[in-house]
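The values are calculated or read from the model by the stated rules, or taken from the named source; none is laboratory data. As the structure is a prediction and not an experimental result, all values here were calculated from the model. No Cβ is skipped: glycine too gets one built from the backbone with ideal geometry, and neighbour counts run over all protein chains shown. Heavy atoms of the whole protein, side chains included, go into the accessibility calculation; ligands, DNA and RNA do not. Shrake-Rupley method; radii C 1.70, N 1.55, O 1.52, S 1.80 Å.
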Amino acid sequence: MTTAEHLDTIDRLLAKEFPQEPVRTVDSSSGPGFHLVRLSRTRQFWDDDGSGRIEAADQISAEYGALTQAVTDRWGDPQIFSLGTLRDRMLEGEEIPEPWKELSGSTDHVHLWRAGEHWLVVCVTQRDDEDPYLLTAGATVMDPP
């Protein structure tokens, strides 16, 4: 997908109503107050000697950079929000609201913009080293904890 197509997806997320109950698909999750969608993915790295991972990281980084610049052009400078402390807080028993809980399990930080009543989130996620890199965007009314 192109950056313009990613922006179109983000616009749809911002306009879309939130479901009353959590809904998950292969490429998205939504719930009360949030939507997350995977905009782009690399291949998996099960049998990779390392060269494919480097190429994939370069590809997803370029897409991420182009998208964050386009979103910055539209909504201004982002905040960079670290999610590392959220993982620590969850381990201590604190309940972290979605989408922050889901995001903290697969990335260390997100870019955040205020878009009207919503927070707009863009990040690259990866659950495990063998999993693909995922360019992820979200819209939420849940303030970062």
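Just a few scattered comments:
- Accessible surface, the stretch 1-138, averaged per residue in Å² (probe 1.4 Å): 54
- Qualifying GluC sites (Glu not before Pro) in the stretch 11-71, DSSP loop, other Cβ atoms within 10 Å at most 14: 17
- Chain lengthening between residue 9 and residue 26 when straightened (0.36 nm per residue, less Cα-Cα): 4.5 nm
- Residue-averaged [θ]222 nm for the chain, counting only DSSP H segments that reach four residues, each worth -39500 (n - 2.57): -11000 deg cm²/dmol
- In terms of overall dimensions, the C-alpha atoms belonging to the stretch 61-132 reach 38, 33, 15 Å along their principal axes, ordered largest to smallest.
- The stretch 15-121: trypsin sites (Lys or Arg not before Pro) falling in loop per DSSP and having at most 15 other Cβ within 10 Å: 16, 43
- Mean-position separation - Cα centroids, the stretch 63-113 and the stretch 7-42, in angstrom: 15
- Taking the empirical scaling 2.2 N^0.38 Å for compact globular proteins as reference, the stretch 92-145 has a Cα radius of gyration ratio of 1.18.
- To put it simply, the accessible area of the chain at a 1.4 Å probe is 50 percent carbon and sulfur.
- Residue (of 68, 113, 85) at the positive-pole extreme of the stretch 45-117, dipole from beta-carbon charges: 113
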